[in-house]
1. Say the cut-off is 26 Å between C-alpha atoms; which of K197/K420; K52/K214; K94/K420 go over it?
2. Given +1 on the Cβ of Lys and Arg, -1 on the Cβ of Asp and Glu, and no further charges, what dipole in debye does region 9-101 carry about its Cα centre, rounded to the nearest 20?
3. Under a 5 Å amide H to amide H cut-off, with H placed in plane at 1.01 Å, what residues pair with T96 once short-range neighbours are removed?
4. Starting from the Cα of M343, move 7 Å in the Cα-to-Cβ direction to define the label point; list residues of region 294-319 whose amide nitrogen is under 12 Å from there.
5. Would you mind working out the magnitude of the charge dipole of the chain relative to its Cα centre, with +1 at each Lys and Arg C-beta and -1 at each Asp and Glu C-beta, to the nearest 20 Debye?
6. How much length is gained on full extension from L234 to E311, taking 0.36 nm per residue of separation minus their Cα-Cα distance?
7. Take each of the peptides 124-132, 426-434, 461-469, average the number of other beta-carbon atoms within 10 Å over its residues, and list them starting from the highest.
8. Give the residue from A166, A215, Y227 lying farthest towards the positive end of the charge dipole for region 139-241; charges sit on Cβ (+1 for Lys and Arg, -1 for Asp and Glu) and the dipole is referred to the Cα centre.
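We did not get these values from a lab; they are worked out from the coordinates using the rules stated. Quick caveat, the model's predicted, so the values are computed rather than measured. Cβ atoms come from the backbone with ideal geometry, glycine included; neighbour counts cover every protein chain shown.
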Amino acid sequence: MPHDRRIYRLSPSQLSAETIAVTFAKTSRSPEPFDEIAAQLDAEKSSKFSEKWIVGYGHSSVAEHAVLHLALENVSRLAIETIEGNRLASYTEKSTRYQEWDPKAYVVPPELKGSPLEGEYCQTLDMLFGTYAEALEVLKPWSEANTPRLEGESERAWANRARVKAVDVARFILPAASMANVGVTMNARVLEYAIKKMLSSELAEVRQIGEEVKAVATQELPTLVKYAQPIAHLEGLRERSRAFSSRIDTLPNEEWCRLSKYDPDGENEILAAVLYRFGDDSYQVCLDQVANMDENARQALVDLLFDGVGEFDVPLRELEYSNYAFDLVMDQGAYFEFKRHRMMSQTVQQLGPDLGYTLPKAILEAGFEAPYRQAMRSAAEAFVKVEASMPQLGSYLIPNAFNRRVLCQANLRELFHFIKLRCSENAHFSIRRVGRGMAEKVQEVHPALARKLRVDEKESSASIAADFFEGLTESAL
Ligand SMILES: Cc1cc2nc3c(=O)[nH]c(=O)nc-3n(C[C@H](O)[C@H](O)[C@H](O)COP(=O)(O)OP(=O)(O)OC[C@H]3O[C@@H](n4cnc5c(N)ncnc54)[C@H](O)[C@@H]3O)c2cc1C
């Protein structure tokens, strides 16, 4: 048998995703080269193998080698929350920052079709989309008047910058029923679980999407996703857990960004892990060594950790040894971006009007406060009516301006990434405020490492709130 190194692709244009997965699986027991294994396979043999080993014996990691690209169009942004609720997958979706929505680009959930509430539901959404279009009409000239042209900036670049600024504000009015497109790349193992979650959703739209995804995926993966069924215990868990819920909190105020848990010794744990990686002592010895360092030596070690790290370099994995949990309140527009950070653990509550809505300053400056407030009130009232007879469906009506609670846990490495990306100048001001708030909490407890977060010193969560918002928790009910 030849022993020359060979590196080559197994091309999805020649082999099905399932055959590629089986080819890789077979290398575990077969000494033959991959291309020869693949040449001996056909759809039937691959399916038989998958059925026995992957499905039957639970060797599920093999299914990770079968990758699909799925295009989902005209699904609600509410449904996208479930579709994108999988860590080990990739997504790109239609942006509320760079595109404008058609007046009828909203989903009517199947449960509501033909019900007595359908009329009011559609009227509310027509009103919200109408208000969104009117807001754009006034925000565009407001933005042009308030966006000075930069030196050397072309007319086109300036006009685009001004337009984005207007769209960034109008997006607060868009409801969760708004349709979006999302491109998804997933391996078969994640996909099977993603389908199970969709089939278990309380929303009929999501369950239907789950069935359709399963049917489309089965064309390429005849074996790997065919057993995806709803998760049986979820329904009971939801019901029983809701019975415990107390609902005594009032509107959030300065507690919108609470660091609810962190490792008090987190900085030392990270530094000790670095010594551990590049030395040969036990972890306890490294920890003792760091604990006994004077401030200068400790600072020198922190500096060394970041010395020469370029803008696009990823910080060392050892930053993962310190963890932080946050209880956050953010508007839905910010949450829609926040949820994309797959390395965090996130738990979000139902989208509704109870925590109030945000009122951007630009809305006032453009003279649009009254219609904006009226739209928020009408959406909240329609939510209450829909929820009373069809729980969970009211969320479709809720605009991006409304607040939502999100519990999240992340390590410092992920926080560095998140804060750098979401506190950058071109990030939306809503998520920039969230990123800032979290950075400030980390700075309080772990100042030596947090100083290495490269954030603009001129801005703070309070300055963003003052510069961009007239209100953060306006009551709609
Ligand atoms: C200016 C801007 C514009 C954007 N516009 C859009 C848009 O129009 N549409 C849209 O859908 N999104 C958009 N996004 C969101 C963006 O595409 C990311 O999905 C989002 O910021 C999450 O970032 P992340 O994937 O780096 O982070 P996380 O999910 O938090 O991941 C952290 C890091 O882990 C690594 N990682 C995680 N998962 C994988 C993986 N599967 N493969 C390889 N590495 C991985 C990467 O190093 C990643 O940076 C935009 C973001 C920015 C900043």
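1. Going by Cα-Cα distance, K197/K420 fall outside the 26 Å limit.
2. The dipole of region 9-101 has a size of about 200 debye.
3. none
4. Flagged as within label range: 313-319.
5. The calculation lands at about 900 debye.
6. Full-extension gain reported as 23.4 nm.
7. The most tightly packed comes first, giving 426-434, 124-132, 461-469.
8. In region 139-241, that residue is A166.
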